[in-house]
Amino acid sequence: MQCNQGIRLVLLFGNFFFLLLAGPKGVTAQGVDRPAPRAELLATPPGAAAPAVQEPGPPAASPVRLLPFNTVAVDPPGSQGFRRYPVDGPDTMAASAMMIDARTGQVLYFKDPDVRRPVASTQKLLTALLVAEHGDLDRYVRVAPEDCRVEPTKLGFLPGEIYTRRQLLAAMLIHSCNDAAVCLARNDAGSISQFADRMNAKAASLGATESHFVNPNGLPVPDQFSTARNMARIAYTAYRNPTLRQFMRMPGFRFTYSSGRQRYFDATNKLLRRSTMFTGMKTGYTGVSGRCLVSSASSGGKEIILVQLGGTHQMLFDDAERLLMWGLDQRSSFFNVGP
């Protein structure tokens, strides 16, 4: 009997010792902190499964339903005739601005919101919205020579290469790649002019009737313009698209070209690296437009969108952060806006 008990002890000790040696191969580790994976957008051969985009952090909260455009970005009672509202609110270095409640569309702040001006790459929000709504994002498209003949910022692909619409959409939204925008627009509508017609029709349907778009990327051309109010209405709708929300909140991504070469691109929206309360949208800059920024923020169940156009200073991100923090603080009490 004592011998059998001794054998059992030896066996138990041996099994325990084996588990120790096996480590993570034999058991599942619990409570181990690992860095979140970087987003990967990989080009895969035609016929293979479409690449998955790994989104760092928790998913963004689902916004409420889309409201009729005639209730979005409408001046509050008593604000008519003011250049800036509220009169005791903060100023901004941007020439035009508008802040709205991202859930209700109610105006929280404005400064010269109806002045027509070029909006640079912030109009890629409208381009992205059209591409995303047309769907089929895992379909492959081929790069044409004319897609490459644009000014930086560029993805730097080559004629004849093929990528999914999803990959190019991410490159356009995260790093503001102008060549990706042209390739998407041409493949989506057949030509840049036909895509511009779709942009204008979509803008009009959203109440952005004081806008006219000529190209998908916002590079300067005559007779291309919008307003802070119109861009707020476009941003309000883009904010509700889950694919766009996923890309706009990413701090960067790694792109794999058809050749197998990889390159990491940082997001042009520097607010994303400051705090998780800043949830994305789109940057823009040309010499004609000045510095433009559409940004969003969320805290404590509150969500706001800020449009700033015609900024003249590199500190526009600091300016946006100050206004967004003010808006999050003020929206419940001063403006009496519900969640």
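Values quoted throughout were computed directly from the atomic coordinates according to the rules given, and no laboratory measurement underlies them. All figures in this text were calculated on a predicted structure; none of them were measured in a lab. Here the Cβ is made from the backbone with ideal geometry for all residues, glycine too, and neighbour counts use every protein chain on show.
Between SER259 and VAL115, the contour length at 0.36 nm per residue exceeds the alpha carbon distance by 47.3 nm. Pairs exceeding 23 Å between alpha-carbon atoms, taken from LYS282/LYS302; LYS124/LYS154; LYS202/LYS270; LYS124/LYS270; LYS111/LYS202: LYS202/LYS270; LYS111/LYS202.
Ranking of HIS175, HIS313, HIS212 by neighbouring Cβ atoms within 10 Å, starting from the fewest: HIS313, HIS212, HIS175.
The ranking of ARG166, ARG233 from fewest to most other beta carbons within 10 Å of each one's beta carbon is ARG166, ARG233. Taking other C-beta atoms within 10 angstrom as a stand-in for reagent exposure, LEU309, LEU129 fall in the order LEU129, LEU309, fewest first.
Counting other Cβ atoms within 10 Å, which chymotrypsin sites (Phe, Trp or Tyr not before Pro) in segment 248-305 have at most 10 and lie in a DSSP loop?
For chymotrypsin sites (Phe, Trp or Tyr not before Pro) across segment 248-305 that sit outside H, G, I, E and B with at most 10 neighbouring Cβ atoms in 10 Å, the list is empty.
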